[in-house]
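Read-outs throughout are calculated quantities, based only on the coordinates presented, and are distinct from any laboratory measurement. Being a predicted model, the structure only gives us computed values, none of them experimental. When we count neighbours, we look across all protein chains shown, and the Cβ atoms used for this are built from the backbone with ideal geometry, even at glycine.
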Amino acid sequence: MRFLAAVLVCVTVASSAVASTTGSLIVNTTSPAVFTAVYPQAARQKIGQQQPFNPIVQVNCSNGYQDLTIMRSESNNKNGTWTGTTYPLTVPGPADCVATLSYYDKDPATHALIYVFVASAWFSVAA
C-alpha cells in the first residue's frame, strides 16, 4: 500500500440549484483508494429510493475508470459535522484521478433532487 498526501480542497458552493456547504476530502491510500471525509449533518439524509446512500465519493480517472463508494464508518464530530471513512476502491493504474464528495438533498418547494458538492481531491495511482 502506498500512502499519498493528497491536495485538500474545501469549497463553499451557493446557487439557486445547489445548497451551501463546506467540508473536506482526504485520500488516505491509493491502492486500494480509501478516503476520509468531513461533511455536514444534512449529507447523511437518505432521500427515498432515489438516493439511499448519502454522502458518496465518486472517482473519475484519466484512464477511463469511474466508480463510487460510500461511507464504511462514521463518527459524529458534535459540531454539526460528521467524519466518515469509505469502503476501499481498487483503482487500476496508471492514472490521475479526482475524487468528489457530494450528496443529494431535496428542494423543499419542488421536492426535486438537488446535487450538493462538498469537496474534491486529486490523486495518482501507479501502474
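Name the residues in region 79-97 that are exposed (fewer than 15 other Cβ atoms within 10 Å of the Cβ), touching a Phe, Trp or Tyr at 6+ places or on another chain (Cβ under 9 Å) and not acidic (Asp, Glu), would you?
Pro92
Could you tell me how many of the residues in region 101-125 are crowded, with 17+ Cβ neighbours inside 10 Å and not β-branched (Val, Ile, Thr)?
10
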